[in-house]
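Working notes, structure below.
Throughout, read-outs are computed from the coordinates displayed, never taken from laboratory work. Keep in mind that what you see is a predicted model, and the values were worked out from it rather than measured. Glycine gets a Cβ as well: all are built from the backbone with ideal geometry, and neighbour counts include every protein chain shown.
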């Protein structure tokens, strides 16, 4: 098993007004669970002169199943446009393993540091069907993180 890496993530609740939305939202349903991601560039926590770009993302997880699911683990592949790649994995999200009842949603905000103005993330959650104890893999669609300067 791969050794777990401690992520370089900064979490802020609620999102500060200084966040600039990158107008990038994606959504995907797998195993009856919908994962929607909205990304934001954090100008106040970025330093382009030092190749430091901070992005936040808000994830909404909706359970469309007839049974509750519990998010046990996360697995992320992070791609920076400078060619660097890394894997981030671990238990739960933002320190919790949420239980999501049928027809309900769970939302959280996290973040990612890049060394260039663009990158992307994708991965999956390992969840448990609480009724059967079966594990399911819920895909997280690839989403882009793009600093507004690149959008001009």
(message) For segment 19-151, what are Rg and Dmax over the alpha carbons, in angstrom?
(response) 15.5, 52
(request) Mind sorting 54, 25 by how few other Cβ atoms lie within 10 Å of their own Cβ, fewest first? (result) 25, 54
